[in-house]
1. Would you be able to say whether some residue in segment B:46-69 is assigned to a helix (DSSP H, G or I), under 21 Å from A:HIS92 (Cβ atoms), out of contact with any His (no Cβ under 6 Å at 6 or more places or on another chain) and modelled with pLDDT under 95?
2. Examine segment A:158-171 for a residue that is without any contact (Cβ under 8 Å) to a residue 24 or more places away in the chain and at negative phi, and state whether such a residue exists.
3. Return the pair list, or none, for Cβ contacts closer than 6 Å from residues in segment A:11-31 that are in a helix (DSSP H, G or I) to residues that are of a type in the set (Phe, Trp, Tyr) and open to solvent by less than 40 Å² (accessible area, probe 1.4 Å), at least 6 apart or on different chains.
4. Return the residues of segment A:19-45 that are among the hydrophobic types (A, V, I, L, M, F, W, C) and either open to solvent by 20 Å² or more (accessible area, probe 1.4 Å) or within 14 Å of chain B (Cβ to nearest Cβ) (or both); say none if nothing qualifies.
5. What is the residue count in segment B:162-187 for residues that are hydrophobic (A, V, I, L, M, F, W, C), within 18 Å of the chain's Cα centre (by Cα) and open to solvent by less than 50 Å² (accessible area, probe 1.4 Å)?
6. Somewhere in segment B:161-179, is a residue at pLDDT 95 or above and touching a Lys or Arg at 6+ places or on another chain (Cβ under 7 Å)?
7. So, B:GLU93, is that one exposed (fewer than 14 other Cβ atoms within 10 Å of the Cβ) and either aliphatic (A, V, I, L, M) or free of Cβ contacts under 8 Å to residues at least 24 places away in the same chain (or both) or not?
8. Filter segment B:104-131 down to the residues that are of a type outside the set (Val, Ile, Thr), surrounded by 18 or more Cβ atoms within 10 Å (Cβ to Cβ) and either over 23 Å from B:THR31 (Cβ atoms) or without any contact (Cβ under 8 Å) to a residue 60 or more places away in the chain (or both) and list them by number.
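The values are calculated or read from the model by the stated rules, or taken from the named source; none is laboratory data. Keep in mind that this is a model prediction, so the values were computed, not measured. Neighbour counts are summed over all protein chains in view; Cβ atoms, including those assigned to glycine, are modelled from backbone coordinates with ideal geometry. Side chains included, ligands, DNA and RNA excluded: accessible areas come from the protein's heavy atoms. Shrake-Rupley method; radii C 1.70, N 1.55, O 1.52, S 1.80 Å.
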Number of protein chains: 2
Amino acid sequence: MYEVEIKVRADHDDVRGALEEREAGALNTGTQADTYYDAPMREFAETDEALRVRHERADSGDGRSSNRDAETTKLTYKGPLVDERSKTREEHETVVEDGAALEATLSALGFEPVATVEKRRERFALDGYTVTLDTVTDLGEFVEVETEAEEEEIDEAREGAVAVLESLGLDPATGIRTSYLELLLDDAS
Amino acid sequence: MYEVEIKVRADHDDVRGALEEREAGALNTGTQADTYYDAPMREFAETDEALRVRHERADSGDGRSSNRDAETTKLTYKGPLVDERSKTREEHETVVEDGAALEATLSALGFEPVATVEKRRERFALDGYTVTLDTVTDLGEFVEVETEAEEEEIDEAREGAVAVLESLGLDPATGIRTSYLELLLDDAS
């Protein structure tokens, strides 16, 4: 399976109206704080790898952030692209019970935090796609439309994503291929 | 708190009788498979560090090994000794949900498995100490007597451990300070 996604900068207030009109189904909402690490033995920026610790908190039913115990920590490794066209890469992810112990281990081994991407994420289901409204600290508001597809369906899936974006009043031509991490690091440099 | 422990080679059948006679309380039993990793950026054998992935399975009530779902995976980092006398070291440990994803991450980052120590472990409580009967694959049977102590109680705790060992018919003078990993690697070289 391949991930097909288009991401654009967009004011969420405008998009929310369109989502309501189109009767998009509300999925989970919550916050994510993603810390990316540099390795002691090679330059991840050059090797196109990433090591990430994600602290995730889902909203409880009443729309407020759930309590501290409900925070989930995940360790994720992303390898270099093995196929440029389809954006396929090796990826390994696991939930970790004690985030502080994981971070202390990474630090003791010489891995250093490069940057943390913090965002509030709301997700909706629409026409077989997931529409994500991301509010990223220091970067602003983004909308992502994505789905999974088999290799032979990629073109069709991309056309569908374009149609969903347009139905929300957004312009697919303004699509951004840069990750939030890269956008943050570009701003800082 | 400090760990005070004495470990000796001993035939378990003899010790079991003594434990029963002394009415030691049975604690948990199970199996552990500990894989130790080498780092890509420095020699852990030289820096006196260790990175370990432990797969642990507790026995169910009927004395048989519990099902596969009950396996727990832990990631542990042990730093160099900060105090030779008291054997104090930095240690970080967390439960990890997906052991295969963790191992794939370590492997992708260039960490390589050095050796795996597999053992069956039975634990008993006696006179405020934990008595552990370890059957280690390729190494044989060992008995460990241990407790935790404040710094000023270390000598007293050690004397108590000696007394417990002797009450089980074992000789504290045969104490082994070498870890199972080192014993395995010594045998292999």
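1. Among the residues of segment B:46-69, at least one is assigned to a helix (DSSP H, G or I), under 21 Å from A:HIS92 (Cβ atoms), out of contact with any His (no Cβ under 6 Å at 6 or more places or on another chain) and modelled with pLDDT under 95, which makes the answer yes.
2. yes
3. Going by the 6 Å Cβ cut-off, the qualifying pairs are A:LEU19/A:PHE124.
4. If we filter segment A:19-45 for residues that are among the hydrophobic types (A, V, I, L, M, F, W, C), which is where we start, we get A:19, A:24, A:26-27, A:33, A:39, A:41, A:44-45.
The answer is A:ALA24, A:ALA26, A:LEU27, A:ALA33, A:ALA39, A:MET41, A:PHE44, A:ALA45.
5. Of all residues in segment B:162-187, those hydrophobic (A, V, I, L, M, F, W, C) come to B:162-165, B:168, B:170, B:173, B:176, B:181, B:183-185.
Applying the additional criterion that residues be within 18 Å of the chain's Cα centre (by Cα) yields B:165, B:176, B:181, B:183-185.
Retained after the next criterion (residues that are open to solvent by less than 50 Å² (accessible area, probe 1.4 Å)): B:165, B:176, B:181, B:183-184.
Here the count works out to 5.
6. yes
7. Numbers: exposed (fewer than 14 other Cβ atoms within 10 Å of the Cβ): no; either aliphatic (A, V, I, L, M) or free of Cβ contacts under 8 Å to residues at least 24 places away in the same chain (or both): yes.
In short, no.
8. Hits for segment B:104-131 are B:ALA104, B:LEU109, B:PHE111, B:TYR129.
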